[in-house]
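Undergrad: Here it is, the structure, as structure tokens.
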């Protein structure tokens, strides 16, 4: 079995380990959110971790009612004009903790006396050393180049921060059920998968998602892209309508990520214009009405609260990416030209 | 002649009109930046205006040394959990001023007593009415669906805010030279264009850019995508290296936007890995060493300061998009399935 599939299957166990071992660390880190002068969160990240950041933008934004922004590393590393960060809580997310651009943002924030928090799988990494507080991801060693369990555990760490910062017992209980829900989702996605042969020779795909699952859309696109080499991209339905839909030609596959929840109707509004353009629709949903309108159906585990649905909704995307790569005869663990740790400025 | 080409040619005149008529309004608007409690800027936008927002993120971030973030409209319109905006100056950018999601963010900010500024081409629009201050774009009526002069005038409005907020006479003088530089750039790009026939049947393209031109990369990608229907996307070099480069197959066209300036070496670092993958390189640059390494050369007007280079660097992209659409036999003024004003929540 490939490392990729092994690690994909390990995700529930890795998530459980995070919850078992890091609840106390999360409570400590969550105290940073309660400093009186926090006006916004600023997150530095690259790659899959930027998709975790998109989840954090919605979840932590809703939890603390403060806006969440992403860092622009070049202002720190190229222009030498970092912003004043008064009012900011600065979070770095990186499984390796090694990318110089992410470390540069945390280092600057700490030099300015701002609170800093690292979410990383390597507690000895430069990122961990640069930050005031560290929430270890506890994913265990990840060998495949494409992130699976480090991604889900990063989402889990953000969800844990949300639950602990809010001291919310309902949220804690919902979170505690996620390793089981994830195991069921993996079982469901691996067994009884829909036929994907018709997409093997596609040039690319578009993934549409919104709200807490906006990052899920980007992560599914990235996973398909890294593993299968298809030109895969992600948009919110509103952004797609403001011009980019022009490239959706007849037969172009579009993955619509629409779990139950407040964002679902807004995502569904994109279906009629996509159908009018002749797109091949792939639905990722637990909602019968959404699945029925799609050509290809990727079923989600029902009963998962929307705020936690990114942890399960990414799984059919991971499995689809893996199966497309296998259909295309590619090496699952070493996509051409990619490395596990990418160092950028 | 198409409206698109007419409006593309009108850009220097429209930019001059903005500078002649709105310097005073920009000075007034710039005073908002000097309120003592401003800790960050928050921008709401869609489509081309989001690419202007990317320019503002670098330029206004550097000018005021405060971080600049983008709004997440669904927190306002779908989840009903807008963030507290203490410390924020909130800017809406929209040529039509009509999109409900952008208006919702400004309305909420004003209800919270925060300073708000609208950049719009319609001073009677809902966005203009929602904002405390308005900086009119003065682009004149734009008839083609794809934005050209409203895009460049939006950049010009941001640059004007930068120069006026900093009371920077060098910046003002550099800005005053831009209508002429833009006219020369349009002349250069329209006449003596490189052959583009080989890209007519491409499926898509990737555009790479960074720093102040990060938004230029997105706007060139959007313009090619809207007009020609090619699946065109934009990345920073660092983001491309963190996985998405996997989809760059032999022959895939990659447009590298690399004007003179601090960001150029970092953009050039992507050239060897792109060459190793067999990409067809298109360079947008005024630097001989960059142009020499490309298969297709889109020349930039020399002598433009980097902070203003987005106003000229977009032009070869606009012209390329127009020519690709013509080669593909498409209607330049009415790309299939798009409308001039898109209303999203």
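The values are calculated or read from the model by the stated rules, or taken from the named source; none is laboratory data. Model, not experiment: these values are computed from the prediction. Methodologically, a virtual Cβ is constructed for each residue, glycine included, from the backbone with ideal geometry; neighbour enumeration extends over all protein chains shown.
Undergrad: Select, from A:283, A:289, A:294, A:313, the only residue that is free of Cβ contacts under 8 Å to residues at least 40 places away in the same chain, more than 14 Å from chain B (Cβ to nearest Cβ) and within 27 Å of residue A:158 (Cβ to Cβ). Walk me through how you get there before you give the answer.
TA: Details: A:289 fails: within 27 Å of residue A:158 (Cβ to Cβ); A:294 fails: within 27 Å of residue A:158 (Cβ to Cβ); A:313 fails: free of Cβ contacts under 8 Å to residues at least 40 places away in the same chain.
Answer to the check: A:283.
Undergrad: Counting only residues that are in contact (Cβ under 8 Å) with a residue 24 or more places away in the chain and either crowded, with 24+ Cβ neighbours inside 10 Å or over 26 Å from the mean Cα position of the chain (by Cα) (or both), how many does region A:102-113 have? Quick ask: steps written out before the conclusion?
TA: Within region A:102-113, the subset in contact (Cβ under 8 Å) with a residue 24 or more places away in the chain is A:102-106, A:108-109, A:112.
With the extra rule that they be either crowded, with 24+ Cβ neighbours inside 10 Å or over 26 Å from the mean Cα position of the chain (by Cα) (or both), the set shrinks to A:102-103, A:105-106, A:109, A:112.
Residues in region A:102-113 being in contact (Cβ under 8 Å) with a residue 24 or more places away in the chain and either crowded, with 24+ Cβ neighbours inside 10 Å or over 26 Å from the mean Cα position of the chain (by Cα) (or both): 6 in total.
Undergrad: I would also like to ask the following. For region B:164-178, how many residues are modelled with pLDDT of 95 or more and within 20 Å of residue B:215 (Cβ to Cβ)?
TA: Looking only at region B:164-178, we keep the residues that are modelled with pLDDT of 95 or more, and these are B:170-178.
Subset that is within 20 Å of residue B:215 (Cβ to Cβ): B:171, B:174-175, B:178.
Qualifying residue count, region B:164-178: 4.
Undergrad: Now for a separate question. Of the numbered conditions (1) over 18 Å from the mean Cα position of the chain (by Cα); (2) in contact (Cβ under 8 Å) with a residue 60 or more places away in the chain, residue A:161 satisfies every one except a single condition; which is it?
TA: (1)
Undergrad: Can you tell me which of A:171, A:209 is within 14 Å of chain B (Cβ to nearest Cβ), within 30 Å of residue B:82 (Cα to Cα) and either in contact with a strand residue (DSSP E or B) (Cβ under 7 Å, 6 or more places away or on another chain) or crowded, with 18+ Cβ neighbours inside 10 Å (or both)?
TA: Values: A:171 fails: within 14 Å of chain B (Cβ to nearest Cβ).
Within the list A:171, A:209, the selection yields A:209.
Undergrad: Conditions first: (1) surrounded by fewer than 24 Cβ atoms within 10 Å (Cβ to Cβ); (2) in contact (Cβ under 8 Å) with a residue 12 or more places away in the chain. Residue B:99 passes all but one, so which condition is the exception?
TA: Of everything listed in (1) surrounded by fewer than 24 Cβ atoms within 10 Å (Cβ to Cβ); (2) in contact (Cβ under 8 Å) with a residue 12 or more places away in the chain, residue B:99 misses just condition (1).
Undergrad: Give region B:57-81 a look and list any residue that's over 18 Å from residue B:214 (Cα atoms) and in a helix (DSSP H, G or I), or say none.
TA: B:64, B:73, B:74, B:75, B:76, B:77
Undergrad: Let me ask you something else. Taking region B:237-251 as the search range and keeping residues that are facing chain A (nearest Cβ under 7 Å), touching a helix residue (DSSP H, G or I) at 6+ places or on another chain (Cβ under 7 Å) and under 12 Å from residue B:206 (Cβ atoms), which one is surrounded by the fewest Cβ atoms within 10 Å (Cβ to Cβ)?
TA: For region B:237-251, the residue satisfying everything is B:244.
Undergrad: Anything in region B:114-129 that is assigned to a helix (DSSP H, G or I), surrounded by fewer than 23 Cβ atoms within 10 Å (Cβ to Cβ) and in contact (Cβ under 8 Å) with a residue 12 or more places away in the chain? List them, or say none. Break it down into steps so the answer makes sense when it comes.
TA: Going residue by residue through region B:114-129, those that are assigned to a helix (DSSP H, G or I) are B:126-129.
Remaining after also requiring surrounded by fewer than 23 Cβ atoms within 10 Å (Cβ to Cβ): B:126, B:128-129.
Listed by number, the residues that qualify are B:126, B:128.
Undergrad: Criterion first (over 20 Å from residue B:172 (Cβ atoms) and either touching a residue at least 60 places away in the same chain (Cβ under 8 Å) or not assigned by TED's automatic domain parsing to the domain that holds residue B:215 (or both)) does residue B:17 satisfy it? Let's see the steps before the verdict.
TA: On the way: over 20 Å from residue B:172 (Cβ atoms): no; either touching a residue at least 60 places away in the same chain (Cβ under 8 Å) or not assigned by TED's automatic domain parsing to the domain that holds residue B:215 (or both): yes.
Judged against the criteria, residue B:17 is not a match.
Undergrad: May I pose another question? Kindly provide the set of residues from region A:326-341 that are at the interface with another protein chain (Cβ under 10 Å from one of its Cβ atoms), over 20 Å from the mean Cα position of the chain (by Cα), farther than 9 Å from residue A:226 by Cα and touching a residue at least 40 places away in the same chain (Cβ under 8 Å), ordered by number.
TA: A:330
Undergrad: Do the conditions hold for residue A:225, that is, is it in contact with a strand residue (DSSP E or B) (Cβ under 9 Å, 6 or more places away or on another chain) and away from every other protein chain (no Cβ under 14 Å)? Break it down stepwise before answering.
TA: Numbers: in contact with a strand residue (DSSP E or B) (Cβ under 9 Å, 6 or more places away or on another chain): yes; away from every other protein chain (no Cβ under 14 Å): no.
No: the conditions fail for residue A:225.
Undergrad: Name every residue in region B:15-50 that is within 14 Å of chain A (Cβ to nearest Cβ), out of contact with any strand residue (DSSP E or B) (no Cβ under 9 Å at 6 or more places or on another chain) and closer than 12 Å to residue B:116 by Cα, in order of residue number.
TA: None - no residue of region B:15-50 is within 14 Å of chain A (Cβ to nearest Cβ), out of contact with any strand residue (DSSP E or B) (no Cβ under 9 Å at 6 or more places or on another chain) and closer than 12 Å to residue B:116 by Cα, so the list stays empty.
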